[in-house]
Structure formats: C-alpha cells, structure tokens
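Enquirer: Below is a structure I'd like to ask you about.
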Amino acid sequence: MLIDSFNRAHNYLRISLTDNCNLRCFYCMPEENYEFTPAARLMQPDEIESLAKIFVENGVNKIRLTGGEPLVRKDAADIITRLSRLPVDLTLTTNATRLHDFADVLTKAKVRSVNISLDTLDADKFNIITRRDGFAKVMDNIHLMLSCNIIVKINVVVMKGLNDGEINDFIAWTKDLPLQVRFIEFMPFDGNRWTSNQVFTWKDMLEQIETQYTPLRLHDGVHDTDKKYRIEGHKGSFSVISTMSSPFCSGCNRMRLTADGKMKNCLFSDKETDLLSALRNKQDVLPLILESIHSKAKELGGQFTKDFEKIDADDLHNRSMISIGG
Ligand code: SAM
Ligand code: SF4
C-alpha cells in the first residue's frame, strides 16, 4: 500500500497518455506557444504497462487514462487493451470527439464508465470555448456510449459569465437520460489566466439549481471528490466538485503520471519525480514512488489554502492542465 505521512492510502492512478489534443479549451491549453511533447519523450505502451504494474503491485486498483486527449494517440487502443489485463477498474476522461472509433475497444476492455467533458449545450459556445468545431460529434458519441451500456459522467467546468447560466439546462438534460453531470469549479493552472472572480462556487451552483429544482442529497464514497444529488423523477443525477471553495484533500487517494513519465503526488504539486528515466535506466522505480508519496503535502499541493479569493495565480508553480493530465 502507498500510504503518505497523513495516513492516506493511495489506490488510484491517473495516467496521461499525451499532452496533445484536437481541441483548444482556453482554460486548459495555454493560448501562446504551446509545444506538444515530442513522441520520443512520451511513455511508450510497454513502459506505461510496466509502470502501471508497479503501482498495481503496491495497491492501485483504479486507473484513469487522461491527457491532453488520450484518444488522439495512435496507439491508444493498444494501451487500453494492455491495461485492461491488469486487476484494475479502468476508465478514461475524454473530450469524446473520437469515441466512435473506440466503442469496441472499450467494450472488450470492460471499461464500465467514461468521463466526457462538455461545458455547454450550445454549439456556438462550444466553438468559442474549445476553439474548434465538434459539438455534434460529442453529442452523438455521448448517445453511442449510453447505447453500449457504458456509464457516462459529464464534466462541466463552470465559469462565471460564460456558462453559469446553463446549469439548469444541464439538469434538465438528466430528466430523460441516465447521465451523471459533474459541475466543476474553475481551477488555476499555468497559462490559463485564472482569476478568483471567475470561480462560480458550488454554493452558487446549488443556489441556482434551487431556483427551479429541489435537489436530494445522495451518499458520497469516502474518496469521492464530488458531492452528489438527484432530482426526483430524473433518470440521471448531478454533483458538484468544490476544489477551490471547499477542498476535499483529507480523503485523497490519487496520484498522477504525466505523459512524459513524471509522477505528481497532487494535481497542484510543484514537484515531479521522473519515473520514466529511472525505468529506461533500469533503476528500481518503487523507492522513487514511495519517496514521492511520503512527501505529499497535506492539502492543495502545499501551494495555497482554501481561501481561494486570496490566490494570485502568478505565484503558483505548476504545469498547464493539458500537460498534467486532468
Ligand atoms: N481531453 C480530455 C477531456 O477534456 O476530458 C481529458 C483531459 S482534460 C485536461 C481533463 C478534465 O480537466 C476535463 O474535464 C477538463 O474540463 C478539466 N479541466 C481542464 N482545465 C481545467 C480547469 N482550469 N479547471 C477545472 N477543470 C479543468
Ligand atoms: Fe483538450 Fe481536454 Fe484540455 Fe479541452 S480540456 S483542451 S479537450 S485536454
């Protein structure tokens, strides 16, 4: 078991397959001069499998593939198939634009659920947020996943003045479709021009929802990052993720591996441990993993507190979200 100095056991690994993406969401990918990592510096399928096995031998039983956009990698199907042979709950976070090519692979790999990012139900606004076309394809692929009996969770980053007026439209969408919509507070990363006044907090979200609905609180798992609710008579449900205004670090069980093979013990940590170089140099990787876990900060990467209004994004040291792997 990978246990940190605050007695938190870590059984959940998020692996970024690439920092490349076919969309350009402005809150995720820096606008200027972003250079994608050259292929030779990315973990190769056998390296991903080897590193994943080490984590699994030490207690990991859930792996999420992410990116960048994990499905733009030409060998994504090979990687999914390799990891599906491990004794883990395998899942992925995707922008859904390429999911139609992966329905069979995901079914064979016994992937039971996918998280799909969609911040608006308006096609024009989708183009503004993602700086690309693709709304219709995403919608089609959400329905495709449901028809394959794969659970679909929709990630919505809520930003003040941009899509905060659409929260109840998303809730209405869950009336007849069994979707789990997750409203996420906007977080600061390198190059995303975050300011605290763009954060629409979970309390703001609930206040808006309560103008039209009466949400019923559901039970949350001990490691869940979201607070779950449902609306009477709806097939789907919703939740809020309050990273900025009410962090949930005390139950954290997550670790991250960037596409270039660096371990991050927290989304907001400024420290990285180079597991890929160690693997390539035939060094023992486990002591590096243990060291990283033991040095994990109590909350928020040790970089800020839950008093998010006081954060100056320029003082934070981190990668951009696209290169961490969300
Ligand atoms: N490309 C895939 C996708 O969009 O689902 C996976 C990678 S993306 C970085 C993972 C998740 O991080 C997405 O749900 C995205 O909305 C979220 N995300 C990116 N930047 C964010 C930010 N600044 N604040 C909150 N969530 C963010
Ligand atoms: Fe690409 Fe996902 Fe980032 Fe959007 S959120 S730019 S889809 S990696």
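All of the numbers you see were taken from the coordinates with simple rules; none came from a lab. All figures in this text were calculated on a predicted structure; none of them were measured in a lab. Don't worry about glycine lacking a Cβ; one is built from the backbone with ideal geometry, like all the others, and counts go over all protein chains shown.
Enquirer: With each label point set 7 Å from Cα along the Cα-Cβ vector, what nm distance links T305 and L144?
Expert: 4.8
Enquirer: Another question, then. To two decimal places, what compactness ratio does the chain give when its Cα radius of gyration is scaled by 2.2 N^0.38 Å?
Expert: Here the Cα radius of gyration is 0.95 times the empirical estimate.
Enquirer: Name the residues of region 172-197 whose amide N is less than 20 Å from a point 7 angstrom out from the Cα of A103 along the C-beta direction?
Expert: 177-180
Enquirer: What list of ³J(HN,Hα) couplings, whole Hz, do you get for region 220-230 from phi and the Karplus terms 6.51, -1.76, 1.60, once you set θ to phi - 60° and write x for glycine and proline?
Expert: 9, x, 4, 9, 5, 8, 10, 9, 9, 9, 9
Enquirer: Next question, about the same structure. Once you have the Cα-Cα distance between Q283 and D169, take 0.36 nm times their residue separation minus that, and quote the gain in nm to one decimal.
Expert: 35.8 nm
Enquirer: Sticking with this one: Find which of V60, P38, F268 sits farthest along the positive direction of the dipole of region 2-324, computed with +1 on the beta-carbon of Lys and Arg, -1 on that of Asp and Glu, about the Cα centre.
Expert: Value: V60.
Enquirer: Which Cys in the chain stand alone, with every other cysteine's Cβ at 4.7 Å or more from theirs?
Expert: C21, C148, C249, C252, C266
Enquirer: Right, here's the next one. For the chain, what is the percent of antiparallel DSSP beta bridges, rounded to the nearest 5?
Expert: 25
Enquirer: Okay, moving on. Would you calculate, for the chain, the mean residue ellipticity at 222 nm contributed by helices, counting each DSSP H stretch of 4 or more residues as -39,500 (n - 2.57) and dividing by all residues, to the nearest 500?
Expert: After summing the helix terms and dividing by the residues of the chain, the value is -7000 deg cm²/dmol.
Enquirer: Quick check on my link table: of K160/K235; K110/K227; K228/K310; K53/K262, which ones sit more than 22 Å apart, alpha carbon to alpha carbon? Don't skip to the end; give the middle numbers.
Expert: Details: K160/K235 28 Å; K110/K227 27 Å; K228/K310 28 Å; K53/K262 16 Å.
Too far apart for the 22 Å limit: K160/K235; K110/K227; K228/K310.
Enquirer: Counting other beta carbons within 10 Å of each Cβ, put T107, T258 in order, fewest first. Before the final figure, lay out the partial values.
Expert: On the way: T107 12, T258 26.
With the fewest neighbours first, T107, T258 line up as T107, T258.
Enquirer: What nm value, rounded to one decimal, do you get for the distance between A136 and K74 when each label is placed 7 Å out toward the C-beta?
Expert: 2.9
Enquirer: Another question, then. Computed FRET efficiency, Cβ-Cβ of S113 and L216, R0 25 Å: what is it to the nearest 0.05?
Expert: 0.70
Enquirer: When the chain is fully extended, how far beyond the present Cα-Cα distance does N197 get from N61, taking 0.36 nm per residue of separation?
Expert: Full-extension gain reported as 45.2 nm.
Enquirer: Any idea what the relative contact order of region 2-324 is, in percent, if you count C-alpha pairs under 8 Å spaced at least 6 apart? Walk me through the numbers on the way to the answer.
Expert: Working: 625 pairs, mean separation 68.8, N = 323.
It comes to 21 percent, rounded to a whole number.
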